[in-house]
Amino acid sequence: MTMSDRQAAGLTSGHGRAAGPTFFKLWMPYLFQRVDHPKRKNAFLPLNRDYVPLGMTRGEWIDYEKVMPTHGVFFARDPAHLDVWWNTRDGKQLWLYDDSVASRLTYFERFEKLMLRQVEVIQ
């Protein structure tokens, strides 16, 4: 089944404080933000459309380093080189989609590839 342009646009219809939360905006990864970890390389924090950890809503400032133990993941290898990202910045920020409909049309295909990679939850 292929998603239509309208369906893709509706996944994140509206964003920012004025827009109401949707399942996609709260729980589906928008960005993987590299964070420093004292013992491991390739530590990332999956963030939702509001740049907060998955499932959280925008509110007070969130210190990514503090939520890393409960919300972060380790990749076995540097994920910046995977062919799943819509956009990247310096290997530190890896986006799965942006505000374009085109990025959302292929989101689930790229997300599936990412989920098939070896990823370890931080504990």
Exercise. Somewhere in the stretch 48-58, is a residue in contact with a strand residue (DSSP E or B) (Cβ under 6 Å, 6 or more places away or on another chain) and touching a residue at least 40 places away in the same chain (Cβ under 8 Å)?
Worked result: no
Problem set entry | Residues that are modelled with pLDDT of 90 or more, surrounded by fewer than 12 Cβ atoms within 10 Å (Cβ to Cβ) and part of a helix (DSSP H, G or I), drawn from the stretch 68-101 | 81
Exercise. Do we have any residue at all in the stretch 49-59 that's in contact with a Gly (Cβ under 9 Å, 6 or more places away or on another chain), under 18 Å from residue 34 (Cβ atoms) and loosely packed, with under 14 Cβ neighbours inside 10 Å?
Worked result: no
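Considering only residues of the stretch 25-67 that are assigned to a loop (DSSP other than H, G, I, E, B) and among the small types (Gly, Ala, Ser), which is farthest from residue 8 (Cα to Cα)?
Of the residues in the stretch 25-67, the ones assigned to a loop (DSSP other than H, G, I, E, B) are 28-30, 35-42, 48-52, 54-63.
Narrowing further to those that are among the small types (Gly, Ala, Ser): 55, 59.
Numbers: 55: 20, 59: 26 Å.
Top of the filtered list is 59.
I need a count of the residues in the stretch 66-82 that are among the charged types (D, E, K, R) and closer than 18 Å to residue 94 by Cβ. Walk me through it before giving the result.
Looking only at the stretch 66-82, we keep the residues that are among the charged types (D, E, K, R), and these are 66, 77-78.
Among the residues that remain, those that are also closer than 18 Å to residue 94 by Cβ are: 77-78.
Adding up the residues that qualify gives 2.
For the subset of the stretch 14-40 comprising residues that are farther than 15 Å from residue 96 by Cβ and surrounded by 12 or more Cβ atoms within 10 Å (Cβ to Cβ), which member is modelled with the lowest pLDDT?
Narrowing the stretch 14-40 to residues farther than 15 Å from residue 96 by Cβ: 14, 16-23, 35-40.
Filter once more, so that each one left must be surrounded by 12 or more Cβ atoms within 10 Å (Cβ to Cβ): 19, 21-22, 35, 37, 40.
On the way: 19: 59, 21: 68, 22: 79, 35: 93, 37: 86, 40: 85.
If we take residues in the stretch 14-40 being farther than 15 Å from residue 96 by Cβ and surrounded by 12 or more Cβ atoms within 10 Å (Cβ to Cβ), then 19 is modelled with the lowest pLDDT.
The values are calculated or read from the model by the stated rules, or taken from the named source; none is laboratory data. The model shown is predicted, which means the values in this text are computed figures rather than measured ones. Heads up, the Cβs are rebuilt from the backbone with ideal geometry, glycines too, and the neighbour counts pull from every protein chain shown.
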